[in-house]
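*Asks:* Dropping the structure in here first, questions after.
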Amino acid sequence: MCRDCVEEIKREAVEIPGGPKFFIGTTAYHLLGDISREGDICCVSKETENYFIGNWLTGYGFFNVIFPKETTKKLEFLRKQ
């Protein structure tokens, strides 16, 4: 994904209602390039029609990471009742 594409997606993004959400992400883009991982946890706080924006929970501390919605799935926590 080109640098200008990443910047345009970031400009279009809006805050996710209800605050940040946790997802399992695989494909991820950053200004520095492709930083994809094999099914790792990410926290997203903004979104566009086709992308989430957030960061990996572990790693080198990249922020404003772009996660395509088609390769990102919501992490459901199991809660004891």
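Rule-based calculations on the coordinates, nothing more; no lab input. Keep in mind it's a predicted model, so treat the numbers as computed, not measured. No Cβ is skipped: glycine too gets one built from the backbone with ideal geometry, and neighbour counts run over all protein chains shown.
*Asks:* Give me the extension gain from L32 to E49: residue separation times 0.36 nm, minus the current Cα-Cα distance, reported in nm with one decimal.
*Replies:* Working: separation 17, 0.36 × 17 = 6.12 nm, distance 2.27 nm.
Length gained between L32 and E49: 3.8 nm.
*Asks:* Enumerate the lysines that K10 could reach by cross-link, defined here as Cα to Cα under 29 Å, with residues fewer than 8 away along the same chain left out.
*Replies:* Filter leaves K21, K46, K69, K73, K74.
*Asks:* Hey, another quick one. Might you report the magnitude of the Cβ-based charge dipole of the stretch 1-78 about its Cα centre, with Lys and Arg at +1 and Asp and Glu at -1, to the nearest 20 debye?
*Replies:* Numbers: 9 positive and 12 negative charges, 37 e Å.
Dipole magnitude for the stretch 1-78 comes out near 180 debye.
*Asks:* Using only Cα atoms, tell me the angle between helix 3-12 and the longest principal axis of the chain; keep it within 0 to 90° and round to the nearest 10.
*Replies:* 50
*Asks:* Another question, then. What value, in deg cm²/dmol to 500, does the helix sum -39500 (n - 2.57) over DSSP H runs of n ≥ 4 give at 222 nm once divided by the residues of the chain? Each step should come with its number before you reach the end.
*Replies:* Working: 1 runs with 10 residues, N = 81.
Computed ellipticity for the chain at 222 nm equals -3500 deg cm²/dmol.
*Asks:* Right, next: Test of the criteria: in the chain, which GluC sites (Glu not before Pro) are in a DSSP loop and have at most 12 other Cβ atoms within 10 angstrom of their Cβ? Please list the in-between numbers first.
*Replies:* Numbers: sites: E7, E8, E12, E15, E38, E47, E49, E70, E76; in loops: E38, E49, E76.
Those satisfying the criteria are E38, E49, E76.
*Asks:* Just the number: Rg to Rh for the stretch 1-79, Cα atoms, Kirkwood Rh, two decimals.
*Replies:* Details: Rg = 11.7 Å, Rh = 12.4 Å.
So for the stretch 1-79, dividing Rg by the Kirkwood Rh gives 0.94.
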